[in-house]
């Protein structure tokens, strides 16, 4: 399918991004969530030379998208570059990625299940599966919808030769995994994280009792991520924010409530590999009635390193001008349901309020 976004998108019933996406001819998943990224069905993706599927959840709100890519055993993707940011998390398998600037020296680093990294903006990139008997699969968050809708020119987005040397100039050790903790902002600044499920977290009681977490900033991006973890028998306060936070469950089994203010709650049951995206200004609350700590990774189209977004106060309760519902102010049915879920599993409720 050949498309001219400047012409074909004018007065169309689809955005320029949606027209491009249609031309890619791979599955597109919509709704609120996906049960398991590790097993979701994919289709042949000519652009990448691999298998893939788009994830366009309702909660993305055209601010971002996600995709799943699977590389065959001993296989590799095609080399490509593009003018949008992405964060990549390895869902299964192990392999390596090579990154380089046009005409520059190539850098290769290895990854495994649980690794996260971000090719710097508009660098050339190619992924390799190091396994001889199993496919490797990763999920990526991108801001492609914003960039494609804004410029409406695929040659500009996918064939632009501009080098962002301020982000990456081929320096040695860029993907070594070394990072820096910015304690005042509860942020880990790095370019590669080898083991997200095992990453050391900081106390994060502003979100809920016993909570731990950390913000992640990679490759001078505007988009970012964070990890949060909740002990057995606990749950954080409900809160809302803008669109696009893709929540990927790393450990534990439990459920979340999503709801628009004044409307019925939607329940999503989750386990490792589940992904869901709360829509903009929908309250959401995550519950751990399971037998192990529940940890999730949130991939987000905004960040806290560069103040380019109008961010709401998600760590403050409503009485203090924030977007969190304090435990004492929540619907009593929420806690009653949690007590019942813990009782089913023989788990003691740890919350006190």
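The values are calculated or read from the model by the stated rules, or taken from the named source; none is laboratory data. On a predicted model such as this, the values are computed, not experimentally measured, just so you know. A quick note on method: Cβ atoms are made from the backbone with ideal geometry, for glycine too, and the neighbour counts reach across all protein chains shown.
Quick look at the values:
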{"read-out": "Unique residue being under 27 Å from residue 101 (Cβ atoms) and crowded, with 21+ Cβ neighbours inside 10 Å when the list is 144, 220", "value": "144"}
{"read-out": "Criterion (surrounded by fewer than 24 Cβ atoms within 10 Å (Cβ to Cβ), under 13 Å from the mean Cα position of the chain (by Cα) and either modelled with pLDDT under 95 or farther than 30 Å from residue 166 by Cα (or both)) met by exactly one of 251, 274", "value": "274"}
{"read-out": "Residue list for the range 257-275, restricted to those being assigned to a strand (DSSP E or B) and closer than 21 Å to residue 311 by Cα", "value": "258, 259"}
{"read-out": "Strands (runs of 3 or more DSSP E) wholly inside the range 65-129 that include at least 1 residues being closer than 23 Å to residue 46 by Cβ", "value": "65-71, 86-92, 94-100, 124-129"}
{"read-out": "Filter pass, residue 11 being closer than 18 Å to residue 145 by Cα and in a helix (DSSP H, G or I)", "value": "no"}
{"read-out": "Matching residues in the range 179-212 - criterion: being surrounded by fewer than 17 Cβ atoms within 10 Å (Cβ to Cβ), free of Cβ contacts under 8 Å to residues at least 40 places away in the same chain and over 19 Å from residue 89 (Cβ atoms)", "value": "180, 181, 182, 183, 184, 202, 203, 205"}
{"read-out": "Members of the range 24-40 found to be over 16 Å from residue 144 (Cβ atoms) and either in contact with a strand residue (DSSP E or B) (Cβ under 7 Å, 6 or more places away or on another chain) or buried (at least 20 other Cβ atoms within 10 Å of the Cβ) (or both), listed by number", "value": "27, 32, 33, 34, 37, 38, 40"}
{"read-out": "Qualifying residue in the range 322-332 (condition: under 22 Å from residue 62 (Cα atoms) and either surrounded by fewer than 17 Cβ atoms within 10 Å (Cβ to Cβ) or within 18 Å of the chain's Cα centre (by Cα) (or both))", "value": "no"}
{"read-out": "Hits in the range 1-23 - residues which are surrounded by 18 or more Cβ atoms within 10 Å (Cβ to Cβ) and touching a residue at least 24 places away in the same chain (Cβ under 8 Å)", "value": "5, 9, 16, 17, 20, 21"}
{"read-out": "Breaking point among (1) modelled with pLDDT of 95 or more; (2) in a loop (DSSP other than H, G, I, E, B); (3) surrounded by fewer than 18 Cβ atoms within 10 Å (Cβ to Cβ), for residue 132", "value": "(1)"}
{"read-out": "Unmet requirement for residue 298, which otherwise passes all of (1) at pLDDT 90 or above; (2) part of a loop (DSSP other than H, G, I, E, B)", "value": "(2)"}
{"read-out": "Test: residue 215 is assigned to a strand (DSSP E or B), touching a residue at least 24 places away in the same chain (Cβ under 8 Å) and surrounded by fewer than 23 Cβ atoms within 10 Å (Cβ to Cβ)", "value": "yes"}
{"read-out": "Subset of the range 53-91 that is under 24 Å from residue 165 (Cα atoms) and touching a helix residue (DSSP H, G or I) at 6+ places or on another chain (Cβ under 6 Å) - its residue that is surrounded by the most Cβ atoms within 10 Å (Cβ to Cβ)", "value": "82"}
{"read-out": "Residue list for the range 277-308, filter: surrounded by fewer than 15 Cβ atoms within 10 Å (Cβ to Cβ) and either touching a strand residue (DSSP E or B) at 6+ places or on another chain (Cβ under 9 Å) or more than 23 Å from residue 330 (Cβ to Cβ) (or both)", "value": "291, 292, 306, 307, 308"}
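Matching residues to (1) assigned to a strand (DSSP E or B); (2) at positive phi:
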{"residue": "167", "(1), (2)": "no, no"}
{"residue": "173", "(1), (2)": "no, yes"}
{"residue": "188", "(1), (2)": "yes, no"}
{"residue": "195", "(1), (2)": "no, no"}
{"residue": "200", "(1), (2)": "no, no"}
{"residue": "210", "(1), (2)": "no, yes"}
{"residue": "220", "(1), (2)": "no, yes"}
{"residue": "228", "(1), (2)": "yes, no"}
{"residue": "247", "(1), (2)": "yes, no"}
